[in-house]
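Engineer: First, the structure itself, so that you have it in front of you.
The values are calculated or read from the model by the stated rules, or taken from the named source; none is laboratory data. Please read all numbers here as calculations on a predicted model, not as lab measurements. Please note: Cβ atoms are built from the backbone with ideal geometry, for glycine as well, and neighbour counts cover all protein chains shown.
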Amino acid sequence: MKLLLDENLSRRLVPMLQTVYPGSSQVDLLGLSGSGDHTIWAYAREHEFVIVTKDDDYLDLSAHHGPPPLVIRLVMGNCSNARVLAALCDRHAAIMEILGRGRPVGVIELG
């Protein structure tokens, strides 16, 4: 599973995520800076990314279009990169277990 970090998350996280989430990137690194949510949604779907964001906007897209892509919404306010990294890496097994249940999942919230 590869992650696509939204603009509200630092591109500095990408190298640190590669061990657990190989192939991950951030929208700025892919030339998508300033793109609308629909464009990022379509890119994530086409390239099999899981969107990671702090925004609510992708909740509406997920409700309207359904997965894929999966959205991981970080519900942790303004916090350090270390906290974001820990949330994603420490919960990797739990995320994979949810995905392995065989039921479509649109959004996973991590706090």
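Engineer: Do we find that A82 is without any contact (Cβ under 8 Å) to a residue 12 or more places away in the chain and either closer than 15 Å to E7 by Cα or surrounded by fewer than 14 Cβ atoms within 10 Å (Cβ to Cβ) (or both) in this structure?
Structural biologist: Here the answer is yes, as A82 does meet what is asked.
Engineer: So L99 fits all but one of (1) in contact with a Gly (Cβ under 8 Å, 6 or more places away or on another chain); (2) under 15 Å from V20 (Cβ atoms); (3) not hydroxyl-bearing (S, T, Y); what number is the exception?
Structural biologist: Here L99 meets the rest and fails (1).
Engineer: Name the residue, out of S62, S80, that is under 21 Å from S25 (Cβ atoms) and out of contact with any strand residue (DSSP E or B) (no Cβ under 6 Å at 6 or more places or on another chain).
Structural biologist: Within the list S62, S80, the selection yields S80.
Engineer: If I ask for residues that are under 27 Å from A93 (Cβ atoms), touching a residue at least 12 places away in the same chain (Cβ under 8 Å) and either of a type in the set (D, E, K, R) or not in a loop (DSSP other than H, G, I, E, B) (or both), which ones from the stretch 6-29 would you list?
Structural biologist: Within the stretch 6-29, D6, R11, R12, L13, V14, M16, L17, S25, Q26, V27, L29 qualify.
Engineer: Given (1) surrounded by 14 or more Cβ atoms within 10 Å (Cβ to Cβ); (2) among the polar types (S, T, N, Q); (3) without any contact (Cβ under 8 Å) to a residue 24 or more places away in the chain, where does T53 come up short, assuming only one miss?
Structural biologist: Condition not satisfied by T53: (3).
Engineer: Right, another one. At pLDDT 95 or above, of a type in the set (A, V, I, L, M, F, W, C) and assigned to a helix (DSSP H, G or I) - does that describe any residue in the stretch 49-68?
Structural biologist: no
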